[in-house]
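Report on the following structure.
The values are calculated or read from the model by the stated rules, or taken from the named source; none is laboratory data. Here the structure is a predicted model, which is why all the values come from computation and not from measurement. When we count neighbours, we look across all protein chains shown, and the Cβ atoms used for this are built from the backbone with ideal geometry, even at glycine. The protein model used for the area step is the full one, side chains on, heavy atoms only, and it has no ligands, DNA or RNA in it. Shrake-Rupley method; radii C 1.70, N 1.55, O 1.52, S 1.80 Å.
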Amino acid sequence: YILTFLTLFSGGYVANSLAIMTDALHMLTDLSGIILTLLALWLSAKSPTKRFTFGFHRLEVLSAIISVLLVYILMAFLLYEAVQRTIHMDYEINGDIMLITAAVGVAVNLIMGFLLNQSGHLHSHSHSHPHSHVPQSNSPNTAHSSSHGHSSLAVRAAFVHALGDLVQSIGVLVAAYIIRFKPEYKIADPICTYVFSILVVLTTVRILCDTGVIILEGVPRHLNVDRIKEDLMKIEDVYSIEDLNIWSLTAGKTTAIVHLQLVPGSSSKWEEVQSKARQLLLNTFGMYKCSVQLQSYKQEMNKTCASCQSSSA
């Protein structure tokens, strides 16, 4: 990815083609995603400190914001140049270099799509079990097959994304072909920049929304607070939920703090209730960390205000 990005961007610069540089910018967003994934894996291995008791997971969020802002700055510069070219039309494009660079981009995306497609086929074949016809819901292999399904979906999602990149690269190649043999239609270059800039925004706006939710400590989109409360209330000896806070340290690492009140006379069962609540949050809802606080039943006393007492008298 790094080599391809540098090749496309430098080739677009030499050819004076904004379309190719914007295509390289889109690839930069993919490169940022890979870097963030590696950063998340590295940070997850670091132990919390006395100052940062939750660890350093939020650094992934900060790096995501910085990378997106960098992409937007470059995109704004390319859009400005595209507008100037559209208005004045006083530029020349090296059609040969643009055509060669665009062809390299298509070739790279074809190779990536082929490798991802082969990876998906190999994954599905290597984990198929032709002799088992009836799935066992209580089998210990259930979680194993579920992880295989998630991996397969991840490969398919990456394959679909690679197809999108391929379509964009083919569009650049078509524009390069037009400009190479019909230089009077060089307006195709800034037009491609406009279209691909929209694609870059659509690709990155989800990242900004997700990081915004994390920074504001909002509930992740895949969790339903009402559903969690309903399941907690189904635990035996739980009388009420006094408080429930859910937020994310970073993408995929959700934390919860819940304050439960026990039914009258069940204070001795607090360990069992706490264990069930933790199991529900960690296993059923996939929390990264959780804290379950318990208190014995306290009957609310009805307090009548002074004005009500005087009016009733």
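Observations on the structure shown:
- Residues 50, 186, sorted by accessible area with the largest first, give 50, 186 [1.4 Å probe; ligands and nucleic acids excluded].
- Counted by Cβ distance under 12 Å from residue 241, the other residues give a net charge of -3, where Lys and Arg count +1 and Asp and Glu count -1.
- Computed from phi, the 3J(HN,Hα) profile of region 81-88 under the Karplus parametrisation 6.51, -1.76, 1.60 (θ = phi - 60°) reads 5, 5, 5, 4, 5, 5, 6, 9 Hz, with x in place of Gly and Pro.
- Per residue, the accessible area of region 225-296 comes to 52 Å² when a 1.4 Å probe rolls over the protein heavy atoms.
- Surface per residue (accessible, 1.4 Å probe) for region 13-118, Å²: 55
- Entries in 50/253; 50/229; 234/298 that, when Cα-Cα distance is taken, lie over 29 Å: 50/229
- Net charge in the neighbourhood of residue 260 (other residues with Cβ under 10 Å of its Cβ; Lys, Arg +1, Asp, Glu -1) is -3.
- Within the accessible area of region 225-296 (1.4 Å probe), percent carbon and sulfur: 43
- Converting phi to 3J(HN,Hα) with the Karplus coefficients 6.51, -1.76 and 1.60 and the offset θ = phi - 60°, region 254-260 yields 9, 10, 9, 10, 10, 10, 10 Hz in sequence order, with x at every glycine or proline.
- Backbone geometry of region 104-109 corresponds, through the Karplus equation with coefficients 6.51, -1.76 and 1.60 at θ = phi - 60°, to 3J(HN,Hα) couplings of 4, x, 5, 4, 5, 5 Hz, x marking Gly and Pro.
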